[in-house]
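Reading through the structure tokens given below for one structure.
The values are calculated or read from the model by the stated rules, or taken from the named source; none is laboratory data. Treat the numbers as computed from the prediction; the structure is a model and nothing was measured. Glycine gets a Cβ as well: all are built from the backbone with ideal geometry, and neighbour counts include every protein chain shown. All accessible areas refer to the heavy atoms of the entire protein, side chains included, with ligands and DNA or RNA removed. Shrake-Rupley method; radii C 1.70, N 1.55, O 1.52, S 1.80 Å.
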Amino acid sequence: ENANIKLAKDLKLETDDEGIVVQTGVGVNLDLNGKTISQEKAQTTTYAMILNKGNLTIKDSSSEGTGKISYKDITEYSADNNYASNTIRNEGILTLKSGTVENVSDDNVMEYGYPHAIDVYQGSTTNIEGGTVKSSNYDCIRMFCNSTTLETKVNISGGKIINRLTFQN
């Protein structure tokens, strides 16, 4: 139900990995500890390297502050082929205390895809208390609502937002 995880080394997800899921009802305290969780992946559908449906808290306890979560979509997009590519898709409660969450996808992804560092979705709450959220060329944070999802919340009390914050309804 709950886990405290402190990274001891970098973790690179393979291109055929389906990402990491924090299930509903699960609490995870993730200490990046100066390490990196990363993935480069071409995709054929909307994708999130980390899908949070539970309660995920991210921090970096290292003195260097170099811990990060980094995703790069390597799909060759066109007008007929476009998907959202998220580093983290939040459908629960996400809190960033320190460390970096980034989407480093190339310009081609920006042209036709939708690369987000954090996608705030499905009535979720995202708390940015510190750290950095950035995107190389698109939304670093997207808040999404529609006729089904009437509310999402982003609370920013610290940290850095590099690139844009988008409210999509």
Discussion item. If amide hydrogens are placed 1.01 Å from N in the peptide plane, which non-local residues have theirs closer than 5 Å to the one on Ser105?
Written reply: Asp73, Ser136
Worksheet item: Among all the aspartates and glutamates, which ones have a C-alpha under 17 Å from Lys59's C-alpha, if same-chain residues fewer than 8 places away are not counted?
Response: Asp10, Asp31, Glu102, Glu129
Fill in: Farthest positive-ward along the chain dipole, Cα basis, beta-carbon charges - from Thr45, Asn86, Ile5
Ile5
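Write down Rg/Rh for the chain, rounded to two decimals, with Rg from the C-alpha atoms and Rh from the Kirkwood relation over Cα pairs. Don't jump to the answer; show the numbers that get you there.
Numbers: Rg = 14.8 Å, Rh = 15.7 Å.
That ratio is 0.94, to two decimals.
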Fill in: Relative packing of 40-50, 115-125, which averages over residues the other C-beta atoms within 10 Å, highest first
115-125, 40-50
Worksheet item: So what is Rg over Rh here for the range 117-169, counting just Cα atoms and using Kirkwood for Rh?
Response: 0.97
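What FRET efficiency comes out for Asn146 versus Glu18 if R0 is 22 angstrom and r is the Cβ-Cβ distance? Round to the nearest 0.05.
Values: r = 25 Å, r/R0 = 1.14.
Between Asn146 and Glu18 the formula returns 0.30.
Anything over 25 Å Cα to Cα? Flag those among Lys68/Lys160; Lys41/Lys97; Lys6/Lys160; Lys9/Lys72, in the order listed. Kindly include the intermediate steps, with their values, before the conclusion.
On the way: Lys68/Lys160 14 Å; Lys41/Lys97 27 Å; Lys6/Lys160 23 Å; Lys9/Lys72 20 Å.
As for pairs spanning more than 25 Å Cα to Cα, those are Lys41/Lys97.
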Worksheet item: Remind me, relative contact order of the chain in percent, using alpha carbon pairs under 8 angstrom and six or more residues apart?
Response: 17 percent
Practice prompt. For every helix of n ≥ 4 consecutive DSSP H residues, a contribution of -39,500 (n - 2.57) applies; sum these over the chain, divide by its total residues, and give [θ] at 222 nm rounded to the nearest 500 deg cm²/dmol.
Written response: -1000 deg cm²/dmol
Fill in: Whole-percent carbon and sulfur share, accessible surface of the chain, 1.4 Å
44 percent
Worksheet item: If you place +1 on the Cβ of every Lys and Arg and -1 on the Cβ of every Asp and Glu, how big does the dipole about the Cα centre of the chain come out, in debye to the nearest 20?
Response: 640 debye
Response to the item:
Phi angles of the range 123-128, converted by Karplus (6.51 cos²θ - 1.76 cosθ + 1.60, θ = phi - 60°) into ³J(HN,Hα) in whole Hz with x for Gly and Pro, give x, 7, 10, 10, 10, 9
Worksheet entry | Per residue solvent-accessible surface (Å²) - the range 1-160, probe of 1.4 Å | 47 Å²
Worksheet item: Each label point is 7 Å from the Cα along the Cα-to-Cβ direction; what then is the distance between the points at Ser63 and Thr46, in nm?
Response: 4.4 nm
Worksheet entry | Computed E for Ile162/Glu1 - FRET, C-beta separation, R0 45 angstrom, nearest 0.05 | 0.85
